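The values are calculated or read from the model by the stated rules, or taken from the named source; none is laboratory data. Predicted model, so just to flag it, every value in this text is computed and none were measured. Note that we place each Cβ from the backbone using ideal geometry, even for glycine, and neighbour counts take in every protein chain shown. The accessibility values were calculated without ligands, DNA or RNA, using every heavy atom of the protein model including side chains. Shrake-Rupley method; radii C 1.70, N 1.55, O 1.52, S 1.80 Å.
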Amino acid sequence: MKENKHFLILYFTVTLFVSLVVWVAKAEATQQDPIFRITDAELDLIEKKSVNNSYYVYQYLKGDKQKTIDLCLDAQMRRPANSVLWANILMMNFAQEKFEARTMSQSERKERYHSSLEYLTKYWKLFESFEKSNPEVQDIKATSERLRMDMALAALESGDLKTAEKLSKDLLKNNVDVKSPNFGDIIYDINVIQGRIALRQNRISNAKIFLLESGKSPGSAVLGSFGPSLILDRELLEKGEKEVVLEHLDQIRKFWGGKELDQWKKDIEEGKIPDDKRWH
């Protein structure tokens, strides 16, 4: 009788242990793999509809950011031939994250960008292998640059200055093709990131140099349409560096002009910091 009792105790102990191991394994797998799965038929539809409507996925998923991230990771593994599409969808998701972060507290903003850096990095590892097998395709190269620009910004905002600096230096070093659609954007945006890194390291003179280097950008379709980021300008104004900011505003007039610049310069001359979304 005692032997049967001991056997039952041992049996239930082993069964419980095996069940626990299986549960842990499933939990780890869930953390590593995309949570949201989409069917092949749905991917076919997304690929077809996105040709004429770049916002189709956003509409299809009703703006669910996590589903969008999971879809891009999953689709990149299953349909790598359409890597540029999945990357653009993910970058649109990040653009929305940037917009929302403007009104967040510093701690919330840092956490949001930390989360963004995680999914951008995860996706980049998948995209990079595809890029290496297609080194001469310009559309893929340009998309790769824009992904790394987003990663550099996310790294900066989340406090990972080492990663931000590494990505930034690499992008500037290799930005030699004047015909690239990203040529002007890299000169502007990456010098701004470098300047903000310098400020965080208390290298104010370097930050001023980077600001003026950004102003040497010839402009781009993006800068001309959506306007430049003026966050480094604001951060330098907060340090009392008025003259370099005024000079920078004159520099960017060649691709972003009009009454806004004149009003901003007037505000700065009066000791104010412009209150506009581009300054945040």
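Within the bounds of the range 81-99, is there any residue that is at pLDDT 95 or above, polar (S, T, N, Q) and more than 26 Å from Ala41 (Cα to Cα)? No: zero hits. The set of residues from the range 184-219 being of a type outside the set (A, V, I, L, M, F, W, C) and open to solvent by less than 20 Å² (accessible area, probe 1.4 Å) comprises Gly184, Asp185, Tyr188, Asn191, Gln194, Gly195, Arg196, Ser214, Gly215, Ser217, Gly219. Where helices (runs of 4 or more DSSP H) fall wholly inside the range 47-154, the ranges with 3 or more residues that are open to solvent by 10 Å² or more (accessible area, probe 1.4 Å) and in contact with a Lys or Arg (Cβ under 7 Å, 6 or more places away or on another chain) are 83-101.
Being more than 22 Å from Arg234 (Cα to Cα) and in contact (Cβ under 8 Å) with a residue 12 or more places away in the chain holds for only one residue in Ala81, Ala87, Ala101, Ala152, and it is Ala87. Does any residue of the range 114-124 turn out to be within 16 Å of Ile69 (Cβ to Cβ) and among the small types (Gly, Ala, Ser)? The answer is yes; a qualifying residue exists.
Look at Ile204 and say whether it is touching a Ser or Thr at 6+ places or on another chain (Cβ under 7 Å), at negative phi and not basic (Lys, Arg). No, not satisfied.
Counting only helices (runs of 4 or more DSSP H) that sit wholly inside the range 164-267, those with at least 3 residues that are without any contact (Cβ under 8 Å) to a residue 40 or more places away in the chain and farther than 15 Å from Arg278 by Cα are 191-200, 204-214, 242-251.
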